[in-house]
Structure formats: structure tokens, C-alpha cells
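Participant: To start, I am sharing the structure in question, which I have written as C-alpha cells.
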Amino acid sequence: MTLAEYGLLAFSSLFVIVDPIAAMPAFLAMTARDSISQRLRMALVACLVAVGILAGFALIGRQLFTLLGITLPAIQVAGALVLLLVSLDMLRAQRSAVQETAEETAAGANKDDIAITPLAVPMLAGPAAISTVILLDAQAATWSHRGVLLACLVLVGLASYGVFAIGATGAKWLSPIAERIIARLMGLLLAALAVQFLFNGLKSEGGLFVR
């Protein structure tokens, strides 16, 4: 896989799974009593924290699982199943409980500052996003690929902040119908990625099935 192909795969899959567009309504609901400047500050902090957490797992995630005795094929299969659960909810135009629960959103509405939790974790950098980063890192053949992965994380963070900033300033740029269409298209893409990661895990040497 070339760097360009890997970069396209990494950015698209990360943006789909972080899904700031679907997170924006909850963000606006939880910050309804805050000013635009406060919303922008919380969005910035949340995106920075999310990128930092995901970058950490990109750098040490595989080593951590190896230390725990978990093989790469097992990580690929488990991560693929998590992504598949999220994609099925996205195909129904629903925000997955893997990314956030109703209780976490309700608790965030009562907090003065939602930047770290629940916005950064688990809404942006939740189990599904962490699984995606580890799976993408497993596809990285060289340190150049890992550098591209980190760059894609930064780009996804910038894009997420841009989405939140547009929402925070009150722009009505996306109708509910368009949001549902985008969610279903993203869900289809994510489901395909999940199945591909699952096949990779099952076919890997030492995986559940040996070629």
C-alpha cells in the first residue's frame, strides 16, 4: 500500500468513526447555556485531547497489547467487531452506544465544562476510535506510514474542530435529512472497512484460521 493510499484509508476511516457531524447535536445540547467563545474553547480542548489520546494509542497500542499477551490477529478481529457494531447503528442513522450513551450525554448537560468528558472521551476518542487507530497502525508497514497516520489524526482533529465551530456559531448548514443520509453512507463505508479488517485478522498467520 502506497503512502497516498494509506493516508486516504486512514483519514476516511478515522473521520467516519470519530464522526463529529453526528456528535455536534449533542455538543450543542450540552453547551446550550454557554457563550460562543466558551463553546469554541471546549471544542478546541476536546479535539486536542482526543487527538492526543488517539496518537498515544497509535504509538504504543500494539506494544501494550503485546505486553498483555494479545496477538495482532486477535486485535484485528476484536476491533473489526467493534467497528461493525458502530456501523450497524450508523446505517440506522443512530449514534452508537459504543461511542456515547444517553446517560453520558445527560450527565454532560449538567456539567460546567464538557471538554474532557464526555466530549473528548468517549464521544470523539471512544473505544471504536481507539480500535480504528490500532487497526490502522497494524497496517503501517514503515515509520513513514505511521507518520502519515499521525498526520491524519491531526487533520481529523482540525476537521472536527471546524465542524464544532460552525455549529457553535449557530450556522444551520446541515438539515436532519442530509445528516441521516451522510450517516448511512458513512455507516456503509465503515461496515466495509470492518469486514476487511475482520478478513485480515482471520487470514493472518497465527490468526483464528491459518491460510
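The values are calculated or read from the model by the stated rules, or taken from the named source; none is laboratory data. Keep in mind that this is a model prediction, so the values were computed, not measured. Quick reminder, even Gly has a Cβ in these numbers, built from the backbone with ideal geometry, and neighbours come from all protein chains shown. We work out accessible area using only protein heavy atoms, side chains counted, and drop any ligands, DNA or RNA first. Shrake-Rupley method; radii C 1.70, N 1.55, O 1.52, S 1.80 Å.
Participant: Counting Lys and Arg as +1 and Asp and Glu as -1, what is the net charge of the other residues whose Cβ lies under 9 Å from the Cβ of Asp137?
Facilitator: Spelling it out: positives minus negatives among the neighbours equals +2.
Participant: Right, another one. Rounded to the nearest 0.05, what FRET efficiency is calculated for Gln139 and Ala29 with R0 set to 25 Å and r the Cβ-Cβ distance?
Facilitator: My answer for the efficiency is 0.10.
Participant: I would also like to ask the following. FRET efficiency for Leu44 and Arg146, Cβ-Cβ distance as r, R0 = 22 Å, nearest 0.05?
Facilitator: Calculated transfer efficiency: 0.30.
Participant: So, one more: At 1.4 Å probe radius, can you tell me the per residue accessible area of segment 133-173 in Å²?
Facilitator: That works out to 43 Å² per residue.
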